[in-house]
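To start, the structure under review is shown below, and the notes come after it.
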Amino acid sequence: MFFNKQMKFTSRTQAASAAILAFFALHSGAASAQTAAPTDPRQAAAIVQQNAVIGPTAAPGLSASASSASCSAPGQLTRFERPLVHTMRRLANGQPLTVVAIGSSSTAGAGASSPDATYPSRLAVELRARFPGRDITVLNRGVNGEETTNMMARFAGDVLAAHPQLVLWQIGTNSVLRDHPLSPHAAQLHDGIERLKAAGADVVLIDPQFAPAVLAKSETPGMVEQIALAAKHEDVDLFQRFAVMRDWHEVQHLAFGTFVSPDQLHMNDWSYACLAKLLGVAIGEAATRPIAAAAVHPGAISARPDLH
């Protein structure tokens, strides 16, 4: 069901230069929008893990129930395990940052009231607020109904041509909705991640949504686990959308109607805005995270200058 044992997975050690370490010291508190920047990096990480509560999220077209709901999630579900090295280098040097969001309908924005209410549009707002004065572009490259192979076929023109420093890759939902086997998807996912990493981009995977139409499919748990394994073996980050939305429903007791469209599949304005808010926190923290000096390999970054 999962990865073929003969696959070769690679794990690369991430490194940062002295300039980036200095940048971290100034921004280690950026993980929480409502918390003063702590001087101890461990304290900053603890804030993200223990208090990822954002508060009501402003977005157009919200229902009354959604407007009163608080956008929050446990920190362990939203904090990235790995620093976003290419993103942090770009921010540290004051250079423009390009983010590409590629995926299917929940990236394109099915269920949103307008293009401005999609998660990539809302994420652009969040990141610009988190890093004021920075030139940050978030490109929406979602196409309704696509699966992993369709997205990979668009990599050259829709992703790599933009020379992004960060790629958010939302995958898996359409494969399970169509009852496709998981094994071929594992190989495709491996190849896709390798292509994005080879282009010099940080990669964040986004797994399926926790919605009634997705939960009705027996392969959904396997797909969620497969994507998590891919992130681990390929040494990239994962935004656990499925677990975050499950927390909304099972722990915070939000009705599906609060964060799922009437079609019982797609997200809505509230959930897209909350997803963007939580992603903004995760990206901000992972792009300003101090890296222990012992883990730094001198010259690792200067040897491969960021030309994007």
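All conditions but one from (1) surrounded by fewer than 20 Cβ atoms within 10 Å (Cβ to Cβ); (2) at pLDDT below 95; (3) of a type outside the set (Ser, Thr, Tyr) apply to ALA161; the one that does not is (2).
Would you check if there is a residue in region 191-200 being assigned to a loop (DSSP other than H, G, I, E, B) and more than 26 Å from SER271 (Cβ to Cβ)? Among the residues of region 191-200, at least one is assigned to a loop (DSSP other than H, G, I, E, B) and more than 26 Å from SER271 (Cβ to Cβ), which makes the answer yes.
In region 118-180, counting only helices (runs of 4 or more DSSP H) that sit wholly within it, the ones holding 3 or more residues that are touching a Lys or Arg at 6+ places or on another chain (Cβ under 8 Å) span 119-130. Each residue in region 224-247 was checked for being over 22 Å from CYS274 (Cβ atoms) and either among the acidic types (Asp, Glu) or surrounded by 20 or more Cβ atoms within 10 Å (Cβ to Cβ) (or both), and 6 pass. Annotation: of all residues in region 86-108 being over 24 Å from ILE193 (Cβ atoms) and either in contact (Cβ under 8 Å) with a residue 60 or more places away in the chain or touching a Lys or Arg at 6+ places or on another chain (Cβ under 6 Å) (or both), the one that is surrounded by the fewest Cβ atoms within 10 Å (Cβ to Cβ) is ASN93. Residues in region 263-277 that are hydrophobic (A, V, I, L, M, F, W, C) and surrounded by fewer than 24 Cβ atoms within 10 Å (Cβ to Cβ): LEU265 only.
The values are calculated or read from the model by the stated rules, or taken from the named source; none is laboratory data. Since the model is a prediction, treat every value here as computed from it, not as a measurement. No Cβ is skipped: glycine too gets one built from the backbone with ideal geometry, and neighbour counts run over all protein chains shown.
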